[in-house]
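Asks: Submitted below is the structure of interest, expressed as structure tokens.
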Amino acid sequence: MSDTASEIHSQGDARCGVKTPQDKGADEAPDSTKSLRDRILESGSQARGWTQKIGRRWRSAFSVPAEKMTSSGSLQGVSIANSELRRRMDQVAGIFFTAFNAALVEEDFAALMEAVERIPSDQRFPAVEGMAAGAVAADALMFGGDRFRACMAAAGAKYPAFMHLGAGLGLAKAPWRRSAVLKHCDPVHRPLVFDGIGFMDTLFKTKRVLRGWRSVRGGFPAQMYDQGVGRALWFVVGGTVDRFATTVRTFDESRHAALWTGLGVPLSCTDTTSTNELSMATHAAGPHLAHLAAGAAFAAAEHSKFGSVAPHTALAVAMFAGTDAEGAKQLIGQIREQLPAESSEVPLYETWRRDVQTALGRMLSSRGRG
């Protein structure tokens, strides 16, 4: 390798958060991201020809320093008093942006997927989302390409929800790529892209979102967008149910149901949520309890793909939905199998979500909670 090529390789890897021989004094990154950092180095050594190498260097210039994207760094709208929740959020952000940086310079997404699969199962979901977001960003930076298509081919069948959510996270920063991304999404999970956009907008355009602004307007996409807003709003308000409920009331009433659906995801998937907070959410949701339960049930079903359902997730599903996590997973699977092959005027995912919510609502009513 020539001196110039060596410099390109070294500078690109440094920007992606990977230690090079010149970084002897750098601190070690968390072990959970080692496979991703190794893959960045491998992908650099496998780059062929000046076109790939220059393209890789160009994209690496836009990599994100993971240590800066934390609740105490660039996430200015997030103020979390709970130190454990803040630690967990920062860990998730670190994994996400390391995967994002890896996808940004990747050409072989099957190899990157293998690296993602080596991450501990309970920490894998942000890596999947980061991989999808990075692929979207890479195509945007190259003014086209098929990296997202290749990424979806590598991971979409196994982790469809997280891939589509991740695509939305990427599109929040590259909205002009929306039609190009949506055509590679599967017909069932495609609406989750708008959930991802809502989540990212809420974290990085917090003040505008809290004033009622949204970048997706009208119809079912807007409802999914609001679900993502609800997911992120939990962190923006500091991880407390009372502040979440108070903030939701400042939004137009037509948006409340989707916001409560979104809350079901972090409440069920964050191991720092106390039983008291879960109980408060059950009562604060009021007429939207079935929406909260549906959000938790879908989250539990998706996270079960990484292994067994965590105890805190099972507890949240039981408290919100009145059934165990396995029962919720089976319900979601059964309703999924009953979906038509093609959508009509209502997107397939919306039909799926509504039917699950209706079924959970009946279960809650039979127990005198709905």
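Asks: When you go through (1) surrounded by fewer than 17 Cβ atoms within 10 Å (Cβ to Cβ); (2) modelled with pLDDT of 95 or more; (3) assigned to a loop (DSSP other than H, G, I, E, B) one by one for His189, which number turns out not to apply?
Replies: All conditions are met except number (1).
Asks: Say whether the condition of being more than 19 Å from His189 (Cβ to Cβ), in a loop (DSSP other than H, G, I, E, B) and among the hydrophobic types (A, V, I, L, M, F, W, C) is met by at least one residue in the range 206-225.
Replies: yes
Asks: Moving on to the next point. Could you tell me whether any residue of the range 196-212 is surrounded by 24 or more Cβ atoms within 10 Å (Cβ to Cβ), closer than 20 Å to Leu364 by Cβ and among the aromatic types (Phe, Trp, Tyr)?
Replies: no
Asks: Right, something else. Looking at (1) under 30 Å from Ile119 (Cβ atoms); (2) in contact with a helix residue (DSSP H, G or I) (Cβ under 9 Å, 6 or more places away or on another chain), can you tell me which one Phe204 breaks?
Replies: (2)
Asks: Run down Val128, Val136 and say which single residue is under 16 Å from the mean Cα position of the chain (by Cα), among the β-branched types (Val, Ile, Thr) and more than 17 Å from Arg177 (Cβ to Cβ). If you could, list the steps in order and put the result at the bottom.
Replies: Numbers: Val136 fails: more than 17 Å from Arg177 (Cβ to Cβ).
Answer to the check: Val128.
Asks: Being buried (at least 19 other Cβ atoms within 10 Å of the Cβ) and either aromatic (Phe, Trp, Tyr) or farther than 22 Å from Arg353 by Cβ (or both) is the filter here; which residues of the range 271-305 pass it?
Replies: Thr273, Glu277, Phe298
Asks: Output the number of the condition that Phe244 fails; it satisfies all remaining conditions of (1) within 30 Å of Glu117 (Cβ to Cβ); (2) in a helix (DSSP H, G or I).
Replies: (1)
Asks: Among (1) at pLDDT below 95; (2) not assigned by TED's automatic domain parsing to the domain that holds Glu106, there is one condition Thr247 misses while meeting the rest; what is its number?
Replies: Every listed condition holds for Thr247 apart from (1).
Asks: Something else now. Step by step: first the residues of the range 164-180, then only those that are under 13 Å from Ser215 (Cβ atoms) and not aliphatic (A, V, I, L, M), then the one that is surrounded by the most Cβ atoms within 10 Å (Cβ to Cβ). Which residue is that?
Replies: Gly168
The values are calculated or read from the model by the stated rules, or taken from the named source; none is laboratory data. Please read all numbers here as calculations on a predicted model, not as lab measurements. All Cβ positions, even for glycine, are placed from backbone atoms using ideal geometry, and neighbour counts span all protein chains on display.
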